[in-house]
Structure formats: structure tokens, C-alpha cells
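The structure appears below as C-alpha cells.
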Amino acid sequence: MTVIVVMGVSGSGKTTVGTAIAERLGTVYAEADTFHPRANIEKMTAGIPLTDEDRAPWLAAIASWIGKHHENGAVVSSSALKRRYRDVLRGGGDVWFLHLHGSRDLLAERMKTRTGHFMPVSLLDSQLADLEPLEADEPGATFDISLSPADLVESALKAFQERA
């Protein structure tokens with residue numbers, strides 16, 4: 001089976017879309033933020049961008065989770081900003097990336113209005129600078145976050161089920 005990795009920068013709706021897709025598929029969902037070491041959360045809360053070294057144990061933990069859940073299928077969120085990060089995640093098992101993409105203004109507005117999240121808007125630009133879109137040989141599809149969550153879920157599930 002395949003694990004769907006809902007990817008995108010902060011504020012793109014990974015949790016909302018990921019939980020809805022997992023519910024529709026009747027499978028488990030894991031929130032990527034729960035895999036971060038405490039030091040990573042403290043850095044981001046302080047407005048300090050993570051380095052590749054900071055992200056390495058986090059990515060390894062998500063890949064391990066994928067390895068434990070790919071037999072039955074699952075959904076996990078992860079910013080998965082760079083190709084090499086996605087390569088680590090693919091090492092866990094068969095994955096399909098659902099990239100949630102949107103304008104900086106819309107992302108920033110969403111980040112400003114959400115509550116209970118540690119990621120400050122000041123880190124959005126560093127995430128956008130690091131973002132490498134899916135390449136043609138990577139399994140997945142990109143969707144515009146200006147769509148409603150319900151429409152995103154429908155479109156993503158259709159693309160996932162029709163994948164080659």
C-alpha cells in the first residue's frame with residue numbers, strides 16, 4: 001500500500017487536508033510536528049529557521065513511521081520542502097506526495113489567524129526559499145490551496161486513485 005505525504009509550507013493546510021483524507025480512506029493520520037525533537041520546536045518558536053542537520057532526525061522519524069504503516073496505507077504530513085528530504089521519506093516505503101501550494105499572501109494570512117501553533121509568520125519566507133516543487137519523476141501532484149478544503153480533498157483523492 002501507499003502512504004500519502006501531505007506536504008507544503010506552514011499554513012498550507014496539511015493537517016486539515018491530511019486528517020480529512022485519512023478519514024475518507026479509513027486509515028491513520030500522523031501530524032509531522034509530533035516527530036520534531038523539542039529543540040526544533042524551541043528554535044522555530046524563537047523564529048530561527050531549521051537547518052538540514054536539525055531536520056535530519058525529524059525526517060528519519062517520519063520515514064520510520066512510514067515504514068511501519070505502509071503495508072496498510074496511511075497519511076502523514078510533512079513540509080518535505082526539498083527533494084532530498086522527500087528522498088529520505090521515500091526510504092520508508094511507497095509514498096505519494098500531495099503538495100499543497102499557494103500564494104505567500106494567503107499562506108501568511110492563514111498563519112496569522114491560526115491559534116495554538118508554534119510556527120511564526122517570520123519563518124514563512126525561509127520555508128518558501130527552501131521549497132523545491134515536486135519533480136516529474138516524483139510520485140504525487142500539486143494542488144492550489146485557494147480551493148476549499150473539501151474540494152482539495154476530492155481532487156487529491158481522485159488524483160491519488162488515478163495515479164499510474
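The values are calculated or read from the model by the stated rules, or taken from the named source; none is laboratory data. Nothing here was measured: the structure is a model prediction, and the numbers come from that model. As a convention, Cβ positions derive from the backbone with ideal geometry for all residues, glycine included, and neighbour counts pool all protein chains shown. Side chains included, ligands, DNA and RNA excluded: accessible areas come from the protein's heavy atoms. Shrake-Rupley method; radii C 1.70, N 1.55, O 1.52, S 1.80 Å.
Listing for the model above:
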| quantity | calculated |
| --- | --- |
| Rounded to the nearest 10 Å², the accessible area of H69 at probe 1.4 Å | 50 Å² |
| Two-site label geometry, K82 and S64: point separation in nm, points 7 Å out along Cα→Cβ | 2.2 nm |
| Estimated [θ] at 222 nm from DSSP helical runs (n ≥ 4, -39500 (n - 2.57)) normalised by residues in the chain, nearest 500 | -14000 deg cm²/dmol |
| Highest average packing first - 128-140, 2-14, Cβ atoms within 10 Å | 2-14, 128-140 |
| Accessible carbon and sulfur surface of the chain relative to its total accessible area, %, 1.4 Å | 53 percent |
| GluC sites (Glu not before Pro) restricted to the range 1-107 and DSSP loop, no more than 12 other C-beta within 10 Å | E71 |
| Estimated vicinal HN-Hα couplings, Hz - the range 98-109 in sequence order (Karplus 6.51, -1.76, 1.60; Gly, Pro = x) | 10, 8, 8, 10, x, 5, 4, 4, 5, 4, 5, 4 |
| Spatial separation of Cα centroids for the range 55-108 and the range 1-42, in angstrom | 8 Å |
| Compactness of the range 1-84 as Cα Rg over 2.2 N^0.38 Å, two decimals | 1.09 |
| Per-residue ³J(HN,Hα) for the range 12-20, Karplus 6.51 cos²θ - 1.76 cosθ + 1.60, θ = phi - 60°, Hz, x for Gly and Pro | 7, x, 4, 5, 4, 5, x, 5, 5 |
| Relative contact order of the range 1-84, pairs being alpha-carbon contacts under 8 Å that are 6 or more residues apart, as % | 59 percent |
| Prolate/oblate/rounded label for the chain (Cα gyration tensor, a/c 1.5) | oblate |
